[in-house]
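Participant: Supplied in structure tokens, the structure appears directly below.
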Ligand code: AMP
Ligand code: MG
């Protein structure tokens, strides 16, 4: 299969969106930009189309997809809302949609089990990206997980999607770099005793601090040792092919003779103790200078991908501050590093 790329720039925007709609309506899949990462889209109510998403990604069927809506009004097409959570769902949607917050809610029976991996819940969000919203408005709810092969780094550019899925999908819409750069925050909304419970299944651009206003935020647990509450957040996720070594203390890094190391640095500041410790084969700096976490988030997957190159034996990663969106970056870094240990 040949993979076409349509550029969704100012002039070609309408044409690109029209092409994407045509392909989706025909029951095929399309890679579409969102503010978080690129998604691999299919019509959520078309089981055969959804099956093509799993096939292209080599995604196991136990890992459910996120469903994109045009707006809060479409919520009732895919979810049912018990009275106890209705109010808080509305508040969260009004505060964060369109935006990088995914809500896990009791599922409507019309949503195919393949989309939710047989779970009684469905994950939904409204993207800030106009292309995704327009497609959902025109065609109805759209299932779209990240457009990478299973277990690999999420793509934040059309080129990254190409390197993951070339020859496996018919069309990529190139809308430039993703403005948030990390996957959405996922929260399961549940009834609580006094306040609703917000179970944080995946940290992301909408931070724990921001969510606290709306309910009691609790951490996701594990159903069993090897089955996390949010499927697809296994330790082995987000891992490049090259091993990642995460050091909380720079002085603990001991290079082995004759090996090539790349450095994933937060600020690129020699005072942080990393930069001149070793003759790095390659260095990527997430946010040069003072270090801005939002900028680091945008560049994170991009940088990880750039360092995941032949000839490099390991990527040495420096931690970023574990607050706000920094917590989401650290979550991805720890998972990437966990794979090798
Ligand atoms: P992706 O869009 O590729 O980041 O993948 C979607 C992720 O959303 C999955 O890997 C799950 O972690 C999560 N997810 C989707 N549906 C549910 C659900 N019903 N319950 C819990 N987590 C979900
Ligand atoms: Mg993913």
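Participant: Would you mind telling me which numbered condition in (1) in contact (Cβ under 8 Å) with a residue 24 or more places away in the chain; (2) over 20 Å from the mean Cα position of the chain (by Cα); (3) under 17 Å from residue 188 (Cα atoms) residue 86 fails?
Facilitator: Against the list (1) in contact (Cβ under 8 Å) with a residue 24 or more places away in the chain; (2) over 20 Å from the mean Cα position of the chain (by Cα); (3) under 17 Å from residue 188 (Cα atoms), residue 86 comes up short only on (1).
Participant: Within segment 8-17, is there a residue that is in a loop (DSSP other than H, G, I, E, B), under 19 Å from residue 115 (Cα atoms) and in contact with a strand residue (DSSP E or B) (Cβ under 9 Å, 6 or more places away or on another chain)? Working first, answer last.
Facilitator: Quick first cut of segment 8-17, residues in a loop (DSSP other than H, G, I, E, B) only: 8-12.
If we keep only those that are under 19 Å from residue 115 (Cα atoms) too, we end up with none.
No, every residue in segment 8-17 fails to be in a loop (DSSP other than H, G, I, E, B), under 19 Å from residue 115 (Cα atoms) and in contact with a strand residue (DSSP E or B) (Cβ under 9 Å, 6 or more places away or on another chain).
Participant: Related question: With the checklist (1) touching a helix residue (DSSP H, G or I) at 6+ places or on another chain (Cβ under 9 Å); (2) assigned to a helix (DSSP H, G or I); (3) within 14 Å of ligand 1 (Cβ to nearest atom) in hand, flag the one item residue 103 doesn't pass.
Facilitator: (2)
Participant: Let me ask something else. Residue check, residue 62 against (1) at pLDDT below 95; (2) out of contact with any strand residue (DSSP E or B) (no Cβ under 7 Å at 6 or more places or on another chain); (3) surrounded by 15 or more Cβ atoms within 10 Å (Cβ to Cβ), all met but one. Which one?
Facilitator: (3)
Participant: Modelled with pLDDT of 95 or more, surrounded by fewer than 24 Cβ atoms within 10 Å (Cβ to Cβ), within 13 Å of ligand 1 (Cβ to nearest atom) and not in a strand (DSSP E or B): does that describe residue 182?
Facilitator: On the way: modelled with pLDDT of 95 or more: yes; surrounded by fewer than 24 Cβ atoms within 10 Å (Cβ to Cβ): no; within 13 Å of ligand 1 (Cβ to nearest atom): yes; not in a strand (DSSP E or B): yes.
So residue 182 does not fit the description; no.
Participant: Out of segment 180-193, which residues are touching a residue at least 12 places away in the same chain (Cβ under 8 Å) and more than 16 Å from ligand 2 (Cβ to nearest atom)? Before you say what the answer is, go through the steps one by one.
Facilitator: Within segment 180-193, the first condition is being touching a residue at least 12 places away in the same chain (Cβ under 8 Å), and the residues that meet it are 180-192.
Of everything in segment 180-193, those that are touching a residue at least 12 places away in the same chain (Cβ under 8 Å) and more than 16 Å from ligand 2 (Cβ to nearest atom) turn out to be 187, 188, 189, 190, 191, 192.
Participant: Additional query: Can you spot a residue in segment 17-30 that is within 14 Å of ligand 1 (Cβ to nearest atom) and closer than 26 Å to residue 301 by Cβ? I'd like the intermediate steps shown before the answer.
Facilitator: First pass over segment 17-30, keeping only residues within 14 Å of ligand 1 (Cβ to nearest atom): 29.
So of that shortlist, the ones also closer than 26 Å to residue 301 by Cβ come out as 29.
For segment 17-30, residues within 14 Å of ligand 1 (Cβ to nearest atom) and closer than 26 Å to residue 301 by Cβ: present.
Participant: Scan 235, 251, 310 and give me the residue that is in a helix (DSSP H, G or I) and modelled with pLDDT under 90. Working first, answer last.
Facilitator: Working: 235 fails: in a helix (DSSP H, G or I); 310 fails: in a helix (DSSP H, G or I).
Being in a helix (DSSP H, G or I) and modelled with pLDDT under 90 holds for just one of 235, 251, 310, which is 251.
Participant: Looking only at segment 200-226, filter to residues that are within 27 Å of residue 57 (Cα to Cα), in contact with a strand residue (DSSP E or B) (Cβ under 8 Å, 6 or more places away or on another chain) and assigned to a strand (DSSP E or B); which one of those is farthest from ligand 2 (Cβ to nearest atom)?
Facilitator: 222
Participant: In segment 148-179, which residues are buried (at least 24 other Cβ atoms within 10 Å of the Cβ), more than 16 Å from ligand 2 (Cβ to nearest atom) and assigned to a loop (DSSP other than H, G, I, E, B)?
Facilitator: 175
Participant: Follow-up. Residues that are surrounded by fewer than 17 Cβ atoms within 10 Å (Cβ to Cβ) and without any contact (Cβ under 8 Å) to a residue 24 or more places away in the chain: does segment 132-142 have at least one? It would help to see each step written out before you state the result.
Facilitator: Keep residues of segment 132-142 that are surrounded by fewer than 17 Cβ atoms within 10 Å (Cβ to Cβ), which gives 137-138.
Subset that is without any contact (Cβ under 8 Å) to a residue 24 or more places away in the chain: none.
Within segment 132-142, none of the residues are surrounded by fewer than 17 Cβ atoms within 10 Å (Cβ to Cβ) and without any contact (Cβ under 8 Å) to a residue 24 or more places away in the chain.
Participant: Further, regarding this structure: Among what's in segment 26-52 and is in a loop (DSSP other than H, G, I, E, B) and within 16 Å of ligand 2 (Cβ to nearest atom), pick the residue that is surrounded by the fewest Cβ atoms within 10 Å (Cβ to Cβ).
Facilitator: From segment 26-52, those in a loop (DSSP other than H, G, I, E, B) are 26-29, 33-38, 44-46; that's our starting set.
Adding the requirement that they be within 16 Å of ligand 2 (Cβ to nearest atom) leaves 29, 33-38.
Details: 29: 29, 33: 29, 34: 28, 35: 18, 36: 28, 37: 25, 38: 29.
Step by step, filter segment 26-52, then rank; the result is 35.
Participant: Which one of 132, 162, 81 is under 19 Å from the mean Cα position of the chain (by Cα), more than 23 Å from residue 205 (Cα to Cα) and more than 10 Å from ligand 1 (Cβ to nearest atom)? Step through it out loud before you land on a result.
Facilitator: Working: 132 fails: more than 23 Å from residue 205 (Cα to Cα); 81 fails: under 19 Å from the mean Cα position of the chain (by Cα).
The match here is 162.
The values are calculated or read from the model by the stated rules, or taken from the named source; none is laboratory data. All values derive from a computational prediction rather than experimental measurement. Cβ atoms come from the backbone with ideal geometry, glycine included; neighbour counts cover every protein chain shown.
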